[in-house]
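Any read-out appearing in this document is the output of simple, stated calculations on the displayed coordinates, not a laboratory observation. Because the structure is predicted, anything quoted here is derived from the model rather than measured. Cβ placement follows ideal geometry from the backbone for every residue including glycine, while neighbour counts extend to all protein chains displayed.
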Amino acid sequence: MSEIVSGLSASAKTIRERGGSVILVRMPESPAFNETAESFFPQEECWDRLLKEGDVPGVHYQDHPDMLGFFYPDGTHVAGFHAVTLTEAIGKHLLDVRSAEQTSRRSQGW
């Protein structure tokens, strides 16, 4: 995990130096798939660590009620009839995070 975090941190730094921004997104999935994922990659040990030590913001679907309750025919891919609604929710949260990140950078004199 340490190698992943250091690689993410270095990549994010390079992207920022070139004028870009980095936001991680934990996409939604069915409860059964989430249970399996959590057993191998607990949120506190993986996702939270990536954000903190990698120094990147993120959007985790479980933190946003508008990203919950969709149907996943195969467990990981949202059903087509939910695609637009989920995409709009993800986009809104990405814009919110980006706006907060830009405000933070301005206050730090970037």
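Some values worked out for this structure:
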item	result
Under 15 Å, Cβ to Cβ, from Gly91 - net charge with Lys/Arg +1 and Asp/Glu -1	-1
Of Ala89, Ala100, His64, farthest towards positive along the dipole that unit charges on Lys, Arg, Asp, Glu beta carbons give the range 2-107	Ala100
Where labels lie 7 Å past Cα in the beta-carbon direction, separation of Ser2 and Glu38 in nm	2.9 nm
Of the DSSP H helices in the chain, those whose Cα atoms cover at least 20 Å axially and whose Kyte score averages -0.5 or more	2-17, 83-107
Of Pro31, Ser11, Pro42, farthest towards positive along the dipole that unit charges on Lys, Arg, Asp, Glu beta carbons give the range 1-50	Ser11
Dimensions (Å) - the chain, Cα atoms, principal axes, largest first	45, 30, 20
Check: the range 2-107 dipole with +1 on Lys, Arg Cβ and -1 on Asp, Glu Cβ, in debye	640 debye
